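Okay, structure first, notes after.
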Amino acid sequence: LERDLIAQVEAAADEPALEAVRVAALGKKGSVSDLLKTLGSMTPEERKARGPLINGLRDRVQGALGARREALAEAGLEARLAAERVDVTLPVREAPELGGRIHPISQVIDEITAIFADMGFSVAEGPDIETDELNFTALNFPPGHPAREMHDTFFLAPDRNGQRKVLRTHTSPVQIRTMRAEAPPIRVIIPGRTYRHDSDQTHTPMFHQVEGLVIDRSANIANLKWVLEEFCKAFFEVENVKMRFRPSFFPFTEPSAEVDIQCSRKGGEIRFGEGEDWLEILGCGMVHPNVLRNCGLDPDGIQGFAFGVGIDRIAMLKYGMPDLRPFFEADVRWLDHYGFRP
Ligand code: PHE
């Protein structure tokens, strides 16, 4: 019996199996308990002889059960430790899809900056809140000139000296800042926020422009056309693009032009470098002698050209976004769809 019981104990694979063995041996009706009960009906001599044997059997079975229980518990712990181990050598899981995105405006400013950097332009910046002087007067807008109204200007409340600042209506005031701070030759682009009182599908009160300014002894219209053509080819990713220079007017350039680029429009889809349609994308011209003078430069020895591009507009054209307003509504679903992966 003993050998049999010890074998059963040893063979028990888990706690419940071991418990079943214990009940079968030491439980109320267990085989060892039955033997112990026989002691009661024995003669004293018999009991003296058999008692120690039966009690010894019970003790050894109990001992075996205890040892087995401990062994099983230890094995269980080992197994759990192995199963729950963190493998620090596993490769990291890919980041969830809803990570941050680069806003299309930031992306397009980066693209524009890179294209002009290749042509030797550096980046200049100016403040969004600008003096009336720099936004208008120094740019050859005469006082009370209707062009000031044309820009749908946001005016700030006048300060103690009666000075009325404005939210800049274009990036052109940074032309003045640059020419007053740096000696020619100058070759800069000026990306930034601009403001006009205007709101519809393609206009928002805050929008973006990038200004270009080149000043040296001989910068001319041919150079201007070449720079703009190179830019359009690189930005719209076309081999050849026809451009149309339409005479126009800006107080700070003379002559002035607005530039259209050739495109085709089929079923709402726009393609550049082909077709019969034209899209206006920028204004430009030769820097007006008065503007040069306002910056302490002598128009007899120095000249230059400037241009201003609506960033939002060319971003919409390039990436096929029909409405400008969601650009500035911070809707994560729109950003997730139109934004760029870092
Ligand atoms: N500042 C002009 C505008 O906002 C654009 C422009 C810039 C035109 C530079 C000529 C030269 O419309």
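Of note:
- Residue count for the stretch 260-308 under the criterion of being within 35 Å of the chain's Cα centre (by Cα), within 16 Å of the ligand (Cβ to nearest atom) and surrounded by fewer than 19 Cβ atoms within 10 Å (Cβ to Cβ): the result is 3.
- Residue within the stretch 200-207 that is away from the ligand (no atom under 16 Å from the Cβ), among the hydroxyl-bearing types (S, T, Y) and assigned to a loop (DSSP other than H, G, I, E, B) present: no
- Search result, residues across the stretch 252-273 that are of a type outside the set (D, E, K, R) and modelled with pLDDT under 95: I261, Q262, C263, S264, G267, G268, I270, F272, G273
- Restricting the stretch 118-150 to residues that are of a type in the set (A, V, I, L, M) and touching a residue at least 40 places away in the same chain (Cβ under 8 Å), the residue that is nearest to F231 (Cα to Cα) is M119.
So that you can scan it fast, the table gives a plain yes or no per residue for (1) part of a strand (DSSP E or B); (2) among the acidic types (D, E); (3) in contact with a strand residue (DSSP E or B) (Cβ under 6 Å, 6 or more places away or on another chain):
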site: S106; (1), (2), (3): no, no, no
site: E111; (1), (2), (3): no, yes, no
site: G126; (1), (2), (3): no, no, no
site: L134; (1), (2), (3): no, no, no
site: R148; (1), (2), (3): no, no, no
site: R177; (1), (2), (3): no, no, no
site: A183; (1), (2), (3): no, no, no
site: V188; (1), (2), (3): yes, no, yes
site: T194; (1), (2), (3): yes, no, yes
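- Condition check for R164: of a type in the set (K, R) and part of a loop (DSSP other than H, G, I, E, B): yes
- Within the stretch 138-152, restricting attention to residues that are modelled with pLDDT of 90 or more and under 39 Å from the mean Cα position of the chain (by Cα), the residue that is nearest to the ligand (Cβ to nearest atom) is L139.
- Unmet criterion (only one of (1) within 13 Å of the ligand (Cβ to nearest atom); (2) closer than 14 Å to V287 by Cβ; (3) touching a helix residue (DSSP H, G or I) at 6+ places or on another chain (Cβ under 8 Å)) for I186: (1)
- Against the list (1) in contact (Cβ under 8 Å) with a residue 12 or more places away in the chain; (2) surrounded by 13 or more Cβ atoms within 10 Å (Cβ to Cβ), the condition W334 fails is (1).
- Given (1) of a type in the set (D, E, K, R); (2) more than 30 Å from Y338 (Cα to Cα); (3) modelled with pLDDT under 90, number of the condition R68 does not satisfy: (3)
- Flag for E78 being loosely packed, with under 14 Cβ neighbours inside 10 Å, of a type in the set (D, E) and either over 60 Å from the mean Cα position of the chain (by Cα) or at pLDDT 85 or above (or both): yes
- Selection of the stretch 286-342 for residues being touching an Asp or Glu at 6+ places or on another chain (Cβ under 6 Å) and at pLDDT below 90 yields only L324.
- Condition broken by H170, with the remaining ones in (1) away from the ligand (no atom under 11 Å from the Cβ); (2) surrounded by 13 or more Cβ atoms within 10 Å (Cβ to Cβ) satisfied: (1)
The values are calculated or read from the model by the stated rules, or taken from the named source; none is laboratory data. All figures in this text were calculated on a predicted structure; none of them were measured in a lab. Here the Cβ is made from the backbone with ideal geometry for all residues, glycine too, and neighbour counts use every protein chain on show.
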